[in-house]
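Here the structure comes first, spelled out in structure tokens, and everything after it is commentary.
We did not get these values from a lab; they are worked out from the coordinates using the rules stated. Since we're looking at a predicted model, the values are computed, not measured. Here Cβ is always computed from backbone atoms with ideal geometry, including for glycine, and neighbour counts include all displayed protein chains.
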Amino acid sequence: MLKDQLKALEQEVQAALDAATDDVALEGIRLRFLGRSGEITNVRKSIGTLAPAERPEAGKAINTAAAALEARIEAARHGLALKQLHERLAERIDVTFPALPARMGSLHPIRRALEDACGYLQRLGFAVVLGNEVETERYNFDALNIPADHPAREGLDSFYLRPGVLLRTHTSPMQVRTMEAVPPPLAVVVPGKAYRRDAIDARHSPMFHQIEGLLVAPGIHLGHLKGTLTGLLRELFGASQAVRFRPSFFPFTEPSAEVDTTCPGCGGSGCKTCGGSGWIEVGGAGMVHPDVLRNAGYDPTAVQGWAFGIGIDRIVMVRHDVDDIRVLFENDPRVLATLR
Ligand code: PHE
């Protein structure tokens, strides 16, 4: 009779399991049959009504039945999990569904300007070389004909690391370094950082970027310089740029010039960007001084050369209509993203 009862329970459990479709239902079944006040517990209580000699056998049968029920429920749980997995695997993924917008990184506007400038000069045959930001007085000053009593030497304008060693104040030291390294003819462009002891304001930063150009070969003259700079500035600002030379002085070039280009803000008619002049200054240039050629081991009677140094930060500011240089170095990605 107990046996029949247990058998009936087992059938009942199986019927309930067959109908269950989720974990909650399975847990309900477990509680109903195996829980503290479940069916099995009820059957156990009835043992007391049996003759003492029959009780051990009955207890054993109930335990066996309880274990069997447990195993059935576990099997059902496993089967359900497998079924759910297969359903998920069979889900279709719509690969044409638009993705969430990805935030793309971008090159810094200074980097883009440096690459544009170097790319143009490379297509003309110039080689890109990088110098060291830490320089010796010899390359930063002496070999460039900047005498020891020149104001730039006094430590007011320069960051010295130790006597004789400083952060380069311009990219021009690479003129001498490259000439020392290879014989003429030579055409190099040097993009990079330079440092001067300037107080930070909207137009000044103690760290800034320059591009140095140097061409040395027999018969090189100012016309080649002006042509190259005109092409370079047209590459950076557009096809209608003109270039103007104003007489100037640099110890390492003779003659020397300040380089102006048509103000891209107004096309030359005068505006706030150019202070009404129609021109913006972009750098310095000139014919390499014979002493500098000699200092580097070149023969100034055999070869001539020109050099220029263009300030990139100002160019970027004008290109992107930025009126405070600090914007370029604070690197707020939200701001940089607007400078396309
Ligand atoms: N080195 C100069 C400067 O930083 C610019 C320059 C470069 C001038 C090459 C002449 C020739 O101001």
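Some notes on this structure:
- Simple Cβ-charge dipole of the range 281-324, Lys/Arg +1 and Asp/Glu -1, about Cα centre, in debye nearest 20: 260 debye
- Listed residues H209, G219, T230: farthest to the positive end of the dipole of the chain (Cβ charges): H209
- Per-peptide average of other Cβ atoms within 10 Å, ordering 97-103, 307-313, 207-213 highest first: 307-313, 207-213, 97-103
- Only lysine pairs 8 or more places apart, or on different chains, with alpha-carbon atoms under 22 angstrom apart are counted in the chain, and they number 5.
- Using a cutoff of 8 angstrom between alpha carbon atoms and counting only pairs six or more residues apart, the relative contact order for the chain works out to 14 percent.
- Residue among V327, Y160, A199 farthest towards the positive dipole end of the chain, charges placed on Cβ: V327
- Here the simple spin-label model places points 7 Å from the Cα toward Cβ, and for F97 and L50 these points are separated by 5.8 nm.
- Estimated dipole of the chain in Debye, rounded to 20 [Cβ of Lys and Arg +1, of Asp and Glu -1, Cα centre]: 640 debye
- Within a Gaussian network of the chain (alpha carbon springs, distance under 10 Å), most fluctuating of V216, V24, V318: V24
- Cα gyration tensor category, rounded, prolate or oblate, for the range 109-338 with a/c compared to 1.5: oblate
- Taking 0.36 nm per residue of sequence separation and removing the Cα-Cα distance, the K83/E27 pair yields an extension gain of 18.4 nm.
- Listed by Cβ neighbour count within 10 Å, with the fewest neighbours leading, L85, L114 appear as L85, L114.
- Net charge of neighbours whose Cβ lies under 14 Å from the Cβ of L50, counting Lys and Arg as +1 and Asp and Glu as -1: +3
- Segment A202..K3, full-extension length gain: 62.1 nm, with 0.36 nm per residue of separation and the alpha-carbon distance subtracted.
- Comparing G131, Q241, A71 along the charge dipole axis of the chain, the residue lying farthest to the positive side is A71, per the Cβ-charge model.
- Of all beta bridges that DSSP places with both ends in the chain, some 95 percent have antiparallel geometry.
- Net charge in the neighbourhood of M317 (other residues with Cβ under 10 Å of its Cβ; Lys, Arg +1, Asp, Glu -1) is -1.
- Each other residue within a Cβ distance under 15 Å of T338 adds +1 if Lys or Arg and -1 if Asp or Glu, for a net charge of 0.
- Cα-centred dipole magnitude for the range 239-311, charges only on beta-carbon of K, R (+1) and D, E (-1), debye, nearest 20: 220 debye
- Sorting W279, W306 by the number of Cβ atoms found within 10 Å of their own Cβ, with the fewest placed first, yields W279, W306.
- Where the Cα pairs of the range 19-62 fall when distances are cut into 5 Å bins, in %: 5, 21, 21, 16, 14, 10, 7, 5, 1
- Taking 4.7 Å between C-beta atoms as the pairing limit, the chain has these partnerless cysteines: C118.
- Net length gained if the chain between Q11 and S248 were fully extended (0.36 nm per residue, minus Cα distance): 74.7 nm
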